[in-house]
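**Student:** So that we are looking at the same thing, I have put the structure below in structure tokens.
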Amino acid sequence: MSNVGLSRLRMTALPPWSGVLMLLVLLIIVLAIFEPAFISMGNVNNIIRAAAIPVVLGIGMTFAILTGGIDLSVGSVLAFSGVFLSILAGFIPISLAVLVTLVAVTAIVGGINGSLIGRIGLNSFVVTLATLGVFRGVAYLVTNGKTQTVDPGVIVTALGDGNVGPVPGPLLVMIVIGLIASYVLRSTYFGRDVYAVGGNEVAAQLAGINTRSVKMTVYFVSAACATLGGIMSIGRMESAAPTAGAGLELAVVAGVLLGGTRLSGGVGTIAGTVIGIFFLTCVSNALTIIGVSSYWQPIATGVLLIAALLFDRFRLEPSRRAKKIKER
Amino acid sequence: MEMRIGQAPGDTRVMMEGISKAFGPVQALNDVKLALYPGEIHTLAGENGSGKSTLLRILGGVIRSDTGRVIVEGVEHDFPNVRAAMREGVTVVSQELSLVPALSVAENVFLGHQQVREARGINWKKTQAACSVILNRLNLDIDTSVPVGTLPQDQQQLIEIARALAFESRVILLDEPTSSLEPNEVESLFQVMRQLRDEGVAIVFISHRMREMLEISDRYTVLRDGRFIDTAPAEGVDSSWLIERMVLKRRATIGQASVTTGAAAPGRVQLVEVDKLRDRSGRVDGVSLTLFSGEIAGLAGLAGAGRTEFVETLVGYRHRESGSVRVLDKEVGGTTRDAVKAGLSLVPDDRRYKSAVLDMSVRDNLLLSSRGAPWVPRSKSQEGAIVRGWVDKLRIKTSDIDAPLKTLSGGNQQKVIIARCLQVSPKLLILDEPTRGIDLGARAEIYEILRSLAAEGLSILTVSSELEEIFQISDRVLVMHAGQLSADIPRAEATEQLVIAAATGHLQ
Ligand SMILES: Nc1ncnc2c1ncn2[C@@H]1O[C@H](COP(=O)(O)OP(=O)(O)OP(=O)(O)O)[C@@H](O)[C@H]1O
Ligand SMILES: [Mg+2]
């Protein structure tokens, strides 16, 4: 009996992402032994570059999920942002185009998602599922379905694929965005309000928090991250494809939840999201190295997403678990 | 009664021995024992954080103990979950209700029950019939197909008990079942409890209201600081016996602590003016009221009179249909944010739904109404000093201010919420059932704090279902009936009769 008590105690004392961190470390060790190519400098570099965009999107997604919402439109917004930038770059210098894209696309997407969900109070799943369709469609329409080649210039290349000195640019972007987001969540009133809205919206409102504006703001944050993701993808691909980021929302949501963020809101960390997405990226990278067909990757992601949900379910303390089971 | 005293342990329905449970550094229970006999109402008494809920949660299979034995009807058990305990006839009805609001009465009562399942799914007809039988036993006359969320609190409470009966429980553990009930609702719950006791069910009862404990109990067990203190049959137990055992020495004066109602100071100012306030649902139907500085007003009324709706409209949680609220002659906007800014702060009545953010830290919960500019960094050290100040002042029992609120006992959670509202230095502090779940000692301390705040010029409005509480702390008694203010009486002239007449609409 005492053993059970002890293990349960440990479970609650550790941060929620410790489980997936252990899995990640285990995965790396196993792969390092059986596939030494996995930990070669080149491959590590690959993994970092592949993880960067989902991590940036995941950081925005974490804000949305923390309030108890979700943003399924991120993959489409990434494509929309890329296409927007590619067209703008035909008229104005690329560096200016990047700034305009960041501001304009964030405002458009955040404005639509944010006001429908935050102001009017529509369901976030439905709204962003709709805008997932809308922004993808707009990206197809304005490009007529064709991939636009763009000369990314130094800045965009550095963001998406290049190096800043010896350090990969995307790694820097991840670190900077991650640190800012983590700081906002931990050390600002807005961050606390995000947790409060997801933890107990009625209580947050009665405590004087403007819950609508908090909910609205998180969709701006998510839109900004997805827009940045679109710009990074141009740096990576040197082109803007209307198909870019298709299905990416699956990997992003899966990574966030694997990282210990609770789907119903109120609990979660940026660190967890970063670890969760790195875990997924390593899995798909490993599948590629081993030579498994890339068609298996969404399957692996899906399975891991369900595993993450199950894990979350069983990490809950027993009283909650009992309640949750009753709710079925 | 006498016969039971000398009974051998074999006759006990439940025997708990040497139960210990630690949560991290907190030793919630330390070598505690509890014996339950068939057909008794056994009151578990103790201050906030003394370990009552923890003991029931162990017996009910919600959590496991670190050490100790649980023997149910002669067989030792270590319940891994709630369901296992229910199978052995032990059901815990927790401090916070755990019904699913959207499901019907019948569905809630039989949730997870094996018998209603048949080869082709669930037989709802049969379930509804079975449910009706149980509800009859509880003298409850309600439609089994309505969603539970639409029912009043007391009926929801009884449905939790019905759930226990559906599982043929012979041991029912009621953790503060009366804390959210109105006095008349308490009476009907007690009737049901007595009836079940007479049928041989062993019932554990927890309450912080002395009157209720003395009225219903056949036997008492007292815990203090996670330790077993004493157990005794009801004969010979009175309030001083209980207080002596529940309360630590430093606070032994509680029974006598009475608050002197100060006559409102002559220099009092009109702080808040409410004019013909009406909400969209019509539950608040044109309330006009002036509140003064340095005054404690008690708002009485029956269940459904619209008291909670009124204060929630006042602070902008419910939509205002018409009317106005002015603080020091300045119009207050219609959102909760506006209200907090204008100095209106509310301690809501329902902790679980309206005030506690259980997964958030004690610190963040306590400071939830306080804020600087949204992007300005919070100073952790400054915050820590503020929070620790309140923890000391209100004697909030917590090991770590950064631990989640859910690790605190119910009463201590409530103290955090009260501190949240005091921390914003409101002009008008509104408390809706403020002492719900708070132990006797802390209650007296909170009254004292309210009194001293009023002396400093704060205006206080307390809503309470307990007339006693209203009379004890108010300078002025307000009564609501059917969404309107039906009386406004100075404390000196207020009598129980007068208040009841006003509350039932028999006052012209
Ligand atoms: N999950 C938990 N994690 C950490 N500490 C806990 C947890 N649950 C309870 N405690 C601590 O155990 C002690 C006993 O709590 P318990 O809820 O049993 O008190 P209680 O007697 O029911 O009080 P109340 O009258 O306020 O409901 C408290 O100090 C509480 O902070
Ligand atoms: Mg308790």
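A short reminder: the numbers here are calculations on the coordinates, not readings from a lab. Just so you know, these numbers come straight off a predicted model, no measurement behind them. Note that we place each Cβ from the backbone using ideal geometry, even for glycine, and neighbour counts take in every protein chain shown.
**Student:** Students often forget the sequence filter, so: which aspartates and glutamates lie under 18 Å Cα-Cα from residue B:276 once same-chain residues fewer than 8 apart are removed?
**Tutor:** B:285, B:309, B:312, B:321, B:329, B:331, B:488
**Student:** Springs between alpha-carbon pairs under 10 angstrom, Gaussian network model over chain A: which of A:184, A:274, A:20 fluctuates most?
**Tutor:** A:184
**Student:** A follow-up question, please. When the Karplus curve 6.51 cos²θ - 1.76 cosθ + 1.60 is applied with θ = phi - 60°, which whole-Hz ³J(HN,Hα) does each residue of the stretch A:150-160 get, with x for Gly and Pro?
**Tutor:** Karplus values, whole Hz, x for Gly and Pro: 10, 8, x, x, 5, 5, 5, 4, 4, 5, x.
**Student:** Could you tell me the distance between the Cα centroids of the stretch B:124-153 and the stretch B:58-84, to the nearest Å?
**Tutor:** Here the answer is 30 Å between Cα centres.
**Student:** Also, I was wondering about something else. Within 10 Å of each Cβ of A:49-60, how many other protein chain Cβ atoms are there on average?
**Tutor:** Values: counts 0, 0, 0, 0, 0, 0, 0, 0, 0, 0, 0, 0.
The mean count of partner-chain Cβ atoms within 10 Å per residue comes to 0.
**Student:** Lys/Arg Cβ at +1, Asp/Glu Cβ at -1, dipole of chain B taken about the Cα centre: which of B:373, B:149, B:196 is farthest positive-ward?
**Tutor:** B:373
**Student:** Under the rule of at least 5 residues apart or a separate chain, name every residue whose amide H is placed under 5 Å from the amide H of residue B:486.
**Tutor:** So residue B:486 has HN proximity to B:479, B:480, B:481.
**Student:** Right, next: Restricting to Cα pairs below 8 Å that are 6+ residues apart, what does the relative contact order work out to for chain A? Please round to a whole percent.
**Tutor:** Working: 533 pairs, mean separation 103.5, N = 328.
With pairs under 8 Å counted, the relative contact order is 32 percent.
**Student:** Related question: By counting other Cβ atoms within 10 Å of each Cβ, how are B:113, B:319, B:208, B:481 ranked from fewest to most?
**Tutor:** Details: B:113 15, B:319 11, B:208 26, B:481 22.
Listed from fewest to most nearby Cβ atoms, that is B:319, B:113, B:481, B:208.
**Student:** Taking only C-alpha pairs under 8 Å that are 6+ residues apart, what is the relative contact order of chain B in percent?
**Tutor:** On the way: 1023 pairs, mean separation 80.7, N = 508.
This gives 16 percent for chain B.
**Student:** Need one value for B:338-346: mean number of C-beta atoms belonging to other chains within 10 Å of its residues' C-beta atoms.
**Tutor:** Values: counts 2, 2, 4, 1, 0, 0, 1, 3, 3.
What the average comes to for B:338-346 is 2.
**Student:** Quick one: 3J(HN,Hα) in Hz for the stretch B:55-65, Karplus 6.51/-1.76/1.60 with θ = phi - 60°, rounded, Gly and Pro as x.
**Tutor:** So the Karplus estimates, Gly and Pro as x, are 5, 5, 5, 5, 4, x, x, 6, 10, 10, 7 Hz.
**Student:** Whats the longest run of chain B with zero GluC sites (Glu not before Pro) that are DSSP loop and have at most 14 other Cβ atoms within 10 Å? Please report the intermediate quantities before stating the final value.
**Tutor:** Working: sites that count: B:168, B:199, B:235, B:456.
For GluC sites (Glu not before Pro) (loop position, at most 14 other Cβ atoms within 10 Å), the longest site-free span of chain B is B:236-455.
**Student:** Please report the antiparallel percentage of the DSSP beta bridges confined to the protein assembly as shown, to the nearest 5. Mind dumping the intermediate values first?
**Tutor:** Working: 50 of 84 bridges.
Counting only bridges with both partners in the protein assembly as shown, antiparallel ones make up about 60 percent.
**Student:** Ranking B:421, A:282, A:225 by Cβ neighbours within 10 Å, fewest first, what do you get?
**Tutor:** A:282, B:421, A:225
**Student:** With charges only on Cβ, +1 for K and R and -1 for D and E, what is the dipole size of the protein assembly as shown about its Cα centre, in debye, rounded to 20? Before the final figure, lay out the partial values.
**Tutor:** Details: 80 positive and 77 negative charges, 388 e Å.
In debye, rounded to 20, the protein assembly as shown gives about 1860.
**Student:** For the cross-link pairs B:341/B:380; B:380/B:427; A:215/B:341; B:33/B:397; B:52/B:380; B:341/B:406, which exceed 30 Å when the distance is taken from alpha carbon to alpha carbon?
**Tutor:** B:52/B:380
**Student:** If you take every DSSP beta bridge fully contained in chain B, what fraction is antiparallel? Give it as a percent rounded to 5.
**Tutor:** Working: 45 of 79 bridges.
Beta bridges within chain B, antiparallel portion: roughly 55 percent.
**Student:** Another question about this same structure. Rounded, prolate or oblate for the stretch A:114-175? Axes are the square roots of the Cα gyration tensor eigenvalues, ordered a ≥ b ≥ c, and the cut-off for rounded is a/c under 1.5. It would help to have the intermediate numbers written out before the result.
**Tutor:** Working: a/c = 4.14, a/b = 1.63, b/c = 2.54.
Because a/c hits 1.5 or more and a/b fails to exceed b/c, the stretch A:114-175 counts as oblate.
**Student:** Considering the zone a paramagnetic label at residue B:504 would reach in this model (a point 7 Å from Cα along the Cα-to-Cβ line), which residues of the stretch B:304-318 have amide N under 17 Å from it?
**Tutor:** Flagged as within label range: B:304-305.
**Student:** Also, I was wondering about something else. Which of the peptides B:375-382, B:349-356, A:90-97 is most tightly packed, and how do the rest follow, going by the mean number of other Cβ atoms within 10 Å of each residue? Intermediate values should be presented prior to the final figure.
**Tutor:** Numbers: B:375-382: 11.6, B:349-356: 21.5, A:90-97: 13.5.
Going from most to least packed, we get B:349-356, A:90-97, B:375-382.
**Student:** Mind jotting down a quarter of the surface of the convex hull over the alpha carbons of the stretch A:132-270, in square nanometres, one decimal? Don't skip to the answer; put the middle values down first.
**Tutor:** Details: hull surface 39.4 nm².
The number I arrive at for the stretch A:132-270 is 9.9 nm².
**Student:** A further question on this structure: Just tell me which aspartates and glutamates come within less than 17 Å, Cα to Cα, of residue B:125; anything on the same chain fewer than 8 places away is out.
**Tutor:** B:107, B:143
**Student:** Rounded, prolate or oblate: which fits the stretch A:50-245, taking a ≥ b ≥ c as square roots of the Cα gyration tensor eigenvalues, rounded meaning a/c under 1.5, else prolate when a/b beats b/c?
**Tutor:** Details: a/c = 2.48, a/b = 1.52, b/c = 1.63.
Note, shape of the stretch A:50-245 comes out oblate.
**Student:** How many angstrom lie between the C-alpha centres of the stretch A:254-305 and the stretch B:365-384?
**Tutor:** 34
**Student:** Taking every pair of distinct Cα atoms and averaging 1/r, then inverting, what Kirkwood hydrodynamic radius in Å comes out for the protein assembly as shown?
**Tutor:** After inverting the pairwise mean of 1/r, the radius is 29.5 Å.
**Student:** Let me ask something else about it. Answer rounded, prolate or oblate for chain A, using the Cα gyration tensor with square roots of eigenvalues a ≥ b ≥ c: rounded when a/c is under 1.5, else prolate when a/b is larger than b/c, else oblate. Each step should come with its number before you reach the end.
**Tutor:** Values: a/c = 1.87, a/b = 1.20, b/c = 1.56.
In terms of gyration-tensor shape, oblate.
**Student:** Still on this structure, please answer the following. Which whole-angstrom value gives the distance between the alpha carbon centres of the stretch B:445-491 and the stretch B:311-348?
**Tutor:** The stretch B:445-491 and the stretch B:311-348 have Cα centres separated by 19 Å.
**Student:** Hey, can you grab everything whose amide H is under 5 Å from the amide H of residue B:13? Only 5+ residues off in sequence or another chain; H modelled, so Pro and N-termini drop out.
**Tutor:** B:36, B:37
**Student:** Residue-wise, which Karplus ³J(HN,Hα) couplings in Hz belong to the stretch A:48-53, taking 6.51 cos²θ - 1.76 cosθ + 1.60, θ = phi - 60°, and x for glycine or proline?
**Tutor:** Ordered by residue, 3J(HN,Hα) equals 4, 5, 6, 7, 4, 5 Hz.
**Student:** Per residue of B:62-72, what is the mean number of Cβ atoms on other protein chains within 10 angstrom of that residue's Cβ? Spell out each step's value before the answer.
**Tutor:** Working: counts 7, 6, 6, 4, 7, 3, 1, 1, 0, 0, 0.
Partner-chain Cβ atoms within 10 Å, mean over residues of B:62-72: 3.
**Student:** Amide H of residue B:204: which non-local residues (sequence gap of 5 or more, or other chain) have their own amide H closer than 5 Å, using H built in the peptide plane?
**Tutor:** B:42, B:172, B:173, B:174
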